[in-house]
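Below you'll find the structure, written out as structure tokens, and then a few comments.
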Amino acid sequence: MNKISVIVPIYNAEKYISECIESIINQSYYNLEIILVDDGSTDNSKKICDGYAKLDNRIKVFHNENRGVSYTRNFGIINSSGKYIVFVDSDDTINENYVELLVTTMLKYNSDIAICGFDFINNILRKKYIIRGKESIFKGVLENDYYILEPFLLTPWGKLYKRSILIEYKIFFPEKYNIAEDQIYNYNYLGIIKSYVFINKALYNYCDRNNCSLSKNRDICNFNAEVECLKVKQKFLKKNNIKKWEKHINKNAIDLIGLYLNNRLINYKTFKICILDLKQVMNFNIKFSDIKYRLNFLCIKYDIEMFLFICYNFLRLFKRLKCLF
């Protein structure tokens, strides 16, 4: 039975960490190395983790200074000894057969990564994320199936990775970013492999605990991280000859303008720098029929950033006025 390393990055998770750990130690697959990496917590997370380590000798606890989730996950990878690696966030849980199904399916289909569906859970709803119209387990190549898999490539959880590939190709989470780092990590890994297997069941429970808007994290620093992610994604799509990848990257780039630049008050100089960054990943031989994408695309292509800047500021002002009345 192959040893599986389960890496859990932890920061001030005293309310949820016990439930998370319980779901791991109660897995039907027993040969686990459970790595709990405390990222400088200031609450009782340290004490809770140490308590579980005394009860289960499969648990290893590390206490570090606060360095961020990417450093914490990388620390877990380096200090792991399992043949395969899974990640679990400290406020989430996994179904009892989560690890067993990932491992047995990966081995059966001889794949380099196993991916599964998940349940999104918050105070209001529970929503299942699987691929509709597909069988319970299916295998394929990324070149053919990328677009149906893309929604499941945003996070490191819900997947089983080969540690040998991570170490040989030095695939780690970029520590200078605090957004889009998961995607960069996944695309770097996927760029090495060809085949995958997908378990079309919700085996991971993603718990949205705070229900806060992502717009709070949409500052210019994070915008730069998203652009870097687009570059890594572009390299992957091009290498794997994904159909219509140029148009897909262009749409992603234009969407970033709406997500970041439409919702924040920034000066024209900063806006122009952001647009220039996006131009590095865009292909200007692509045509759009959708009016929103076409307008943005043409303004960027022909260096009419000022017009675009005025339009987005007008839209932002209109939204604020609409909220007042």
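Phi angles of the range 285-293 translate, via the Karplus equation with coefficients 6.51, -1.76, 1.60 and θ = phi - 60°, into HN-Hα couplings of 9, 9, 10, 10, 9, 5, 4, 5, 5 Hz per residue; Gly and Pro are given as x. With helices as the sole contributors, the chain gives -13500 deg cm²/dmol at 222 nm; each DSSP H run of n ≥ 4 counts as -39500 (n - 2.57), and the sum is divided by every residue. Centre-to-centre separation between the Cα atoms of the range 42-67 and those of the range 271-298: 48 Å.
Under 15 Å of direct C-alpha separation, and excluding same-chain neighbours fewer than eight residues apart, LYS251 reaches these aspartates and glutamates: GLU150, GLU226, ASP277, ASP290.
What is the order of SER195, SER111, fewest Cβ neighbours within 10 Å to most?
Ascending number of Cβ neighbours within 10 Å: SER195, SER111.
Taken one residue at a time, the phi angles of the range 125-133 give Karplus couplings (6.51, -1.76, 1.60, θ = phi - 60°) of 9, 10, 10, 8, 10, 9, 9, 5, x Hz. Gly and Pro are set to x.
The phi torsions of the range 43-59, fed into the Karplus equation with coefficients 6.51, -1.76 and 1.60 and a -60° offset, translate into couplings of 9, 8, 4, 4, 4, 5, 4, 4, x, 5, 5, 6, 8, 9, 6, 7, 8 Hz, rounded to whole numbers, with Gly and Pro shown as x.
Around the amide H of PHE138, modelled in the peptide plane, lie the amide H atoms of PHE198, ASN200, all under 5 Å away and 5 or more residues distant in sequence or on another chain. Between the helical axis of 305-324 and the longest alpha-carbon principal axis of the chain there is an angle of about 70 degrees. Look at the alpha carbon pairs under 8 Å that are at least 6 residues apart: their mean separation over the length of the range 4-207 gives a relative contact order of 27 percent. A straight Cα-to-Cα reach below 17 Å connects LYS269 with the lysines LYS279, residues fewer than 8 places away in its own chain not being considered. In this structure the amide hydrogen of TYR129, modeled in the peptide plane, comes within under 5 Å of the amide hydrogens of PHE118, ASP119, PHE120, none closer than 5 places in sequence on its chain. Among beta bridges identified by DSSP and lying wholly in the range 1-145, the antiparallel ones come to about 20 percent. Scan the chain and hand back the longest stretch that contains none of the GluC sites (Glu not before Pro) lying in DSSP loops with at most 11 other Cβ atoms within 10 Å. Segment 136-325 is the longest. Fully extending the segment from ASP219 to GLU100, taken as 0.36 nm per residue of separation minus the present Cα-Cα distance, adds 38.8 nm.
Annotation for ASN240 and ASN31: the two label points, set 7 Å from Cα along the Cα-Cβ direction, are 2.9 nm apart.
Using only Cα positions of the chain, each an equal point scatterer, no hydration layer, compute I(q)/I(0) via Debye at q = 0.10, 0.15 Å⁻¹ and quote the log10 values to two decimals. The Debye formula, applied to the Cα set alone, gives -0.65, -1.28. State whether the range 91-241 is rounded, prolate or oblate according to the following rule on the C-alpha gyration tensor (a ≥ b ≥ c being the square roots of its eigenvalues): a/c under 1.5 gives rounded; otherwise a/b larger than b/c gives prolate, and the remaining case gives oblate. Oblate.
Given a Förster distance of 41 Å, report the FRET efficiency between LYS3 and LEU295 from their Cβ-Cβ distance, rounded to the nearest 0.05.
Values: r = 54 Å, r/R0 = 1.32.
Result of the calculation: an efficiency of 0.15.
Listed by chain and number, the lysines placed with their C-alpha closer than 17 angstrom to that of LYS128 are LYS159, LYS201; residues fewer than eight positions away on the same chain are left out.
Close amide H pairs (under 5 Å, H built 1.01 Å from N) link TYR84 with SER5, ARG163, residues at least 5 positions away or on another chain.
Of the chymotrypsin sites (Phe, Trp or Tyr not before Pro) in the range 1-79, the ones in a loop by DSSP (not H, G, I, E or B) with at most 12 other beta carbons within 10 Å are TYR30.
Only the coordinates and a few stated rules stand behind these numbers; no lab work does. Computed from a predicted model, the values in this text were never measured in an experiment. Cβ: placed from backbone, ideal geometry, glycine included. Neighbour counts: every protein chain shown.
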